[in-house]
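Take a look at the structure below.
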Amino acid sequence: MTATLAKENVIGRPIDRIDGRRKVAGAAPYPSDFDLPGQVHAALISSTVAAGRITRIDRSRAEAAPGVLTVLTHDNAPALVDPPQNALGSTMRRPLRDDRILHYGQHIGIVVANTRAEALAAAKLVEIEYAEEDPVLDLDDPRAAVEDNPFGMASSRGDVPAALAAADVTVDGTYTIGAEANSPMGLFTTVASWQGGRLVVHDTTQAPSFLRIALSVMFEVPEENVRVLIPFLGGGFGAGLRLWSHTVLTTLAARVLDRPVKLVLSRPQMFHSVGHRAASRQRVQLGADRDGRLTALDHDAIAANGMGDNLPSPIVAVTPATYACANVATHERRAHLNIPYTGFMRAPGAVEAHFAIESALDELADQTGVDPVELRLRNYAEVHPESGKPWSSKALRECLEVGAQRFGWAGRDPAPRSTHDGDQLVGQGMAGASFEFYALPCTVRLAVDRRGNATVRTAGTDIGTGTYTITAQITAELLGIDVENVRVVIGDTDQPPAPQSGGSGLAGALAAAIQNAAGELAEQLARLDGRPGESFASLLDRHGLDELAVTGYSDLAGAATHSDVAPAGAFAAAYAEVGVDEELGVVRVRRLVSVIDGGRVFNAKTARSQAIGGAVMGIGMALLEELAYDPNSGRVANGTFGDYLVPVNLDVPDLDITFVGEPDTFNPTGGKGLGEIGIVSIAPAIANAVHHATGRRIRDLPITLDKML
Amino acid sequence: MSDIGYVRAADQGSALALVAEDPDAVFLAGGTTELDLALKDQVVHPSRFVDIGRLPLRGVTRDGDRLRVAALTTMEELAADPTVRDRLPFVREALLLGASTQLRNMATIGGNLLQRTRCRYFRDPEVGACNKREPGSGCAAIKGVARMHAILGAGPTCIALHASDLCVPLVAMDAEVELLDADGTRTVPLTQFYRTPGDRPDVENVLRHGELVTHVQVPLLPAGARSGYLKVRDRTSYEFATTSAGAAITVEDGTITWARLGLGGVGTVPWRAWEAESVLVGAPANERTFRAAAEAAIRDPFTVPGTAFKVELAKRTIVRILRTVTS
Ligand SMILES: Cc1cc2nc3c(=O)[nH]c(=O)nc-3n(C[C@H](O)[C@H](O)[C@H](O)COP(=O)(O)OP(=O)(O)OC[C@H]3O[C@@H](n4cnc5c(N)ncnc54)[C@H](O)[C@@H]3O)c2cc1C
Ligand code: SF4
């Protein structure tokens, strides 16, 4: 490498988002901002029953309505090919496949008209009759088809039944979590246009490379003839990780009409069209000795899944790696219901599992009289409990200790109901969190030019987490240039393929790919006989080269299989203080301390924003959010922001957020993803604090006031 | 596509005429209720909006021991009024605990009285069974997800809540509504203005088509009385009341000599707790009295599984506000 490459301390600096100015000025184009010449507008036709078959469709009134260009339903639409499997598992049943209705709000057709208002009006004129069936809506419904071990994640080490039988102390708790909606602000949008044989789609997706593959298969066009664009995305929280039927229908309509078609979902449609965190029920049994040392952990989970769907979203995957315990068994089932398709929502599986496990540990602390923090330290997994390999990095201990100190845990009276403040009972609770390592292969193209600028290109996108900014920082540091001299081109599948923005896996994979590219670049520059201290700009200049471009690649998961360390994900601990107005049932969070080990932090400011977002979402999960289905029709009964409650500013106390830990030793850049870890320990910390305040253990989220009466 | 007309009324007379002449025309004040229902949810289908927003019906005047509030005064303006602050504190509290600042700057007092229920089944045009929208079609909420629904004045035809916070202290204070149409003015006590659903859930009040609310009159608290408004909800702000109570009380030598109690979050109409008031007046200001008043207030509730918890919560809400205003 030439001596000038590498600049100190650019990575990690809390610089403002490089795209921030464009965003606040309204100059960053989100999918709904795209309007193409000749574009027409679509509206969806949605099922108004949850189960059954369509017996009759009459499109004639809609087709005759003003401005209408086409009405596509299952009986007149061109057939599509089923979507393929991808790294996130199989996608759903393709839309318009047949006359079957699997959930309320299912997209059963699309109307295209000259204006959006005309399309919406015409959609109401399509007459549909159904042979309705009784929907299966509840996890406990005996009619629900239940699959055992659907993800192959059931696991066992040691002898759990024997250990439970021999344990000094046991805990046995059942924990339920209501369905939750991701609720990103940006309405999901598709703008599809066919240009000759080439498809260009602006779509609200967190997984542009996967979407490209899926559309190429479904519409039978070569992958290189599909371009997915998503330079800016108005939030996803996982909602953009799957292929959704509105995207397919809009693309289909554009093909039929050979015109660009635009569809923007309405807010109520968002609640049933882009997935949600499935409702779940978990049973955790713990066995321990009198000092709180775990001897057995049995974790059984069941979660809802759509009919005909098979989303791979295990809950128990994280369990075996959480604590040192010789005997651990996990079991998993899923029940198929007539509910809108489930999806991934921030820390899917991990956050559910931690609510159950960390609540159960609190119960164990209560029974043994061991302090909850000490209990977690006593069961600390110093090495990866499954493989026995040392962790690539793990600062959960620091998370727990620093958190306890910042929170003032030492002064806590362990007795429940011990602290009052006016009408409130005050309680303090805590929880730890372990997140799984996750990575997919990532490719970038890195170019430098003789003016001293660098350009990084990759298909992956920035869902608001700061990908643009950290990409520029990492590149600037590795190349020894200023952040201002790095151009980041992302969210475009004409660029090299990248993993989805999800699973906290993009930042690490991307950083490693950039580093790989920078190394390659350094080699190429070295071959150009660089002089000591010479910049690459001058080197290129001397050789009359405009640009030098290289490709970088990372496959961390591949490398993990033959690594002698266990690659670690992020870790965290949360400490919560709540006030419970016992007479009125109202629970408010008074203080929240969150400490996170995310390895090397690429940007202290955007990382902190992720932790804040996770904490706020965790408060929502703990106290407010639950999707309700009408028990008769299966319709989402609270699909508006007036009815589905997310936290508002007043629900969120000042958040004390700290990052601890060292650069990870497995990822070459030292980073670990941290987009999700911030939510994982919040709900159990709050529920444990509610118990400490009141002596009441609420095992059912959200903890709304009626449950406290 | 349904086209909706829009006219801005130049003066009161033309506003009245423009609505009276067309059975499907409606007044439009701040629009925070009406535009949602007509344009977003599309569950009401007016032929035309007659915008009264610029009529000179704005401001608060004091007339002896009464306040006269013009109908187009905004919620924020009324909350900021010095007389309201000093002599009707629980009206101010109820206003400021409602909606959000942005909405309160648009929403008018007349519109607040006439706001429509938040029942999601009413507001979703895909729901067929709603007696309030389509008399005789049934009530989907009763067997559905009903949490933000009424337990008092409710029945098998409709359990829709009147969700106003402001109306709770107003019914407690015996506010009166001044109405105007081509036939002249009339004044109706707010406690007689609303109708419980009975067999006509679609008829919510005694307002005739084309009748304009011009003013609301509110008697001031008597000297020595104390008041308070308590709103109980899961979300700290920007949510309607799960239960609420507005109380005004005078205590002399430990005995309650005057009492007013209104309830929110529980009634199909803003609820005046007359029976509770009779229990309170003449009784000692203590926990036993408060609980007895609460029991008297929530008699014969009509509950569904989702609202059953409100029976006890409403009672505790009453006890808490009585304790607060008498302490
Ligand atoms: C998100 C949200 C949250 C809210 N939260 C709360 C809350 O917490 N507490 C609360 O109390 N309220 C709340 N509201 C309701 C809000 O206060 C009402 O929407 C508002 O007061 C209505 O006033 P407006 O001027 O906007 O009425 P409009 O929407 O203009 O009119 C409402 C109705 O009244 C009629 N009307 C209006 N003025 C007159 C008049 N002078 N004479 C005759 N008819 C008239 C209209 O024809 C229409 O039918 C909330 C509303 C929203 C949208
Ligand atoms: S409660 Fe009233 S408004 Fe709601 S669905 Fe029933 S009838 Fe309609």
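Could you identify the single residue in A:Ala166, A:Ala117, A:Ala121, A:Ala179 that is over 22 Å from A:Ala303 (Cβ atoms) and crowded, with 20+ Cβ neighbours inside 10 Å?
Details: A:Ala166 fails: crowded, with 20+ Cβ neighbours inside 10 Å; A:Ala117 fails: crowded, with 20+ Cβ neighbours inside 10 Å; A:Ala179 fails: over 22 Å from A:Ala303 (Cβ atoms).
Criteria check complete, one pass: A:Ala121.
For the condition at pLDDT 95 or above, farther than 24 Å from B:Phe49 by Cα and within 16 Å of ligand 1 (Cβ to nearest atom), what is the one hit in B:Ala141, B:Ala150?
Exactly one residue qualifies, and that residue is B:Ala150.
Could you check B:Val232 against (1) more than 16 Å from ligand 2 (Cβ to nearest atom); (2) within 30 Å of A:Val578 (Cα to Cα); (3) out of contact with any strand residue (DSSP E or B) (no Cβ under 6 Å at 6 or more places or on another chain) and say which number it fails?
Result: B:Val232 passes all but (3).
Please go through segment A:127-158 and give me each residue that is over 34 Å from the mean Cα position of the chain (by Cα) and surrounded by 14 or more Cβ atoms within 10 Å (Cβ to Cβ), ordered by number.
Just the residues of segment A:127-158 that are over 34 Å from the mean Cα position of the chain (by Cα), to begin with: A:127-132.
Result: A:Ile128, A:Tyr130, A:Glu132.
May I ask you to list the residues in segment A:7-61 that are surrounded by 20 or more Cβ atoms within 10 Å (Cβ to Cβ) and of a type in the set (Lys, Arg)?
Result: A:Arg17, A:Arg59.
Listed residues A:Asp421, A:Asp492, A:Asp482; which is surrounded by fewer than 24 Cβ atoms within 10 Å (Cβ to Cβ) and in contact with a Leu (Cβ under 7 Å, 6 or more places away or on another chain)? Break it down stepwise before answering.
Working: A:Asp421 fails: in contact with a Leu (Cβ under 7 Å, 6 or more places away or on another chain); A:Asp482 fails: in contact with a Leu (Cβ under 7 Å, 6 or more places away or on another chain).
After applying the criteria, what remains is A:Asp492.
Do any strands (runs of 3 or more DSSP E) lying entirely in segment B:121-219 carry at least 2 residues that are buried (at least 19 other Cβ atoms within 10 Å of the Cβ), and which ones are they?
B:176-181, B:212-219
Given the options A:Ala356, A:Ala431, A:Ala447, A:Ala347, name the one that is more than 30 Å from A:Ala279 (Cα to Cα), small (Gly, Ala, Ser) and out of contact with any Cys (no Cβ under 6 Å at 6 or more places or on another chain).
A:Ala447
With the requirement that a residue be of a type in the set (Phe, Trp, Tyr) and within 21 Å of A:Gly579 (Cα to Cα), what does segment A:403-457 give you?
Selection gives A:Phe407, A:Trp409.
I need every pair where a residue in segment B:124-136 that is over 14 Å from B:Ala160 (Cα atoms) has its Cβ under 7 Å from the Cβ of a residue that is part of a loop (DSSP other than H, G, I, E, B) and hydroxyl-bearing (Ser, Thr, Tyr), sequence separation at least 6 or different chains.
B:Glu126/A:Thr48; B:Gly128/B:Ser137
Go through segment A:663-702 and count every residue that is in a loop (DSSP other than H, G, I, E, B) and either within 17 Å of A:Arg591 (Cα to Cα) or among the small types (Gly, Ala, Ser) (or both).
5
With A:Val373, A:Val351 as the choices, which residue is under 19 Å from A:Leu88 (Cα atoms), assigned to a helix (DSSP H, G or I) and modelled with pLDDT of 95 or more?
Of A:Val373, A:Val351, the one residue that is under 19 Å from A:Leu88 (Cα atoms), assigned to a helix (DSSP H, G or I) and modelled with pLDDT of 95 or more is A:Val351.
I'm trying to understand the selection: among the residues of segment B:188-245, which are of a type outside the set (Gly, Ala, Ser), away from chain A (no Cβ under 14 Å) and within 23 Å of B:Ile142 (Cβ to Cβ)?
B:Tyr194, B:Arg195, B:Thr196, B:Pro197, B:Asp199, B:Arg200, B:Pro201, B:Asp202, B:Val203, B:Glu204, B:Asn205
Just one of the numbered conditions (1) within 12 Å of ligand 1 (Cβ to nearest atom); (2) farther than 21 Å from B:Asp202 by Cα is not true of B:Thr83; which one?
Unmet for B:Thr83, out of (1) within 12 Å of ligand 1 (Cβ to nearest atom); (2) farther than 21 Å from B:Asp202 by Cα: (1).
Out of the residues in segment B:249-283 that are out of contact with any helix residue (DSSP H, G or I) (no Cβ under 6 Å at 6 or more places or on another chain) and of a type in the set (A, V, I, L, M, F, W, C), which is nearest to B:Arg87 (Cα to Cα)?
In this case the residue turns out to be B:Trp258.
So, B:Leu230, is that one closer than 25 Å to B:Asp11 by Cβ, within 14 Å of ligand 1 (Cβ to nearest atom) and either at pLDDT 95 or above or surrounded by fewer than 24 Cβ atoms within 10 Å (Cβ to Cβ) (or both) or not?
No.
For B:Gly59, state whether it is surrounded by fewer than 17 Cβ atoms within 10 Å (Cβ to Cβ) and either in contact with a Lys or Arg (Cβ under 6 Å, 6 or more places away or on another chain) or more than 14 Å from every other protein chain (Cβ to nearest Cβ) (or both).
So B:Gly59 fits the description; yes.
Which is crowded, with 24+ Cβ neighbours inside 10 Å and within 11 Å of ligand 1 (Cβ to nearest atom), of B:Leu67, B:Leu78, B:Leu114, B:Leu72?
Only one candidate passes the filter, namely B:Leu78.
Specify the residue that is nearest to the other protein chains (Cβ to nearest Cβ); the eligible residues are those in segment A:560-598 that are assigned to a strand (DSSP E or B) and within 12 Å of A:Lys394 (Cβ to Cβ).
A:Ala572
If you go through segment A:601-618 one residue at a time, do you hit one that is assigned to a loop (DSSP other than H, G, I, E, B), more than 14 Å from every other protein chain (Cβ to nearest Cβ) and touching a Leu at 6+ places or on another chain (Cβ under 6 Å)? First the steps, then the outcome.
Start the filter on segment A:601-618 by keeping residues that are assigned to a loop (DSSP other than H, G, I, E, B), which leaves A:601-602.
Going one step further and asking which of them are more than 14 Å from every other protein chain (Cβ to nearest Cβ), we end up with A:601-602.
After this cut, where a residue has to be touching a Leu at 6+ places or on another chain (Cβ under 6 Å) as well, the list is none.
No, segment A:601-618 has no match at all.
Taking segment B:283-317 as the search range and keeping residues that are without any contact (Cβ under 8 Å) to a residue 12 or more places away in the chain and within 18 Å of B:Arg272 (Cα to Cα), which one is farthest from the other protein chains (Cβ to nearest Cβ)?
This residue is B:Asp300.
What about B:Thr32, is it part of a loop (DSSP other than H, G, I, E, B) and in contact (Cβ under 8 Å) with a residue 40 or more places away in the chain?
yes
So which residues in segment B:92-145 are more than 16 Å from the chain's Cα centre (by Cα), over 29 Å from A:Leu120 (Cβ atoms) and within 14 Å of chain A (Cβ to nearest Cβ), if there are any at all?
B:Thr101, B:Ile142, B:Lys143
Please determine whether any residue of segment B:175-183 is closer than 24 Å to B:Phe240 by Cβ and touching a residue at least 60 places away in the same chain (Cβ under 8 Å).
Yes, there is a match, as at least one residue in segment B:175-183 is closer than 24 Å to B:Phe240 by Cβ and touching a residue at least 60 places away in the same chain (Cβ under 8 Å).
The values are calculated or read from the model by the stated rules, or taken from the named source; none is laboratory data. Predicted model only: the values in this text are computed from it and were never measured. Here the Cβ is made from the backbone with ideal geometry for all residues, glycine too, and neighbour counts use every protein chain on show.
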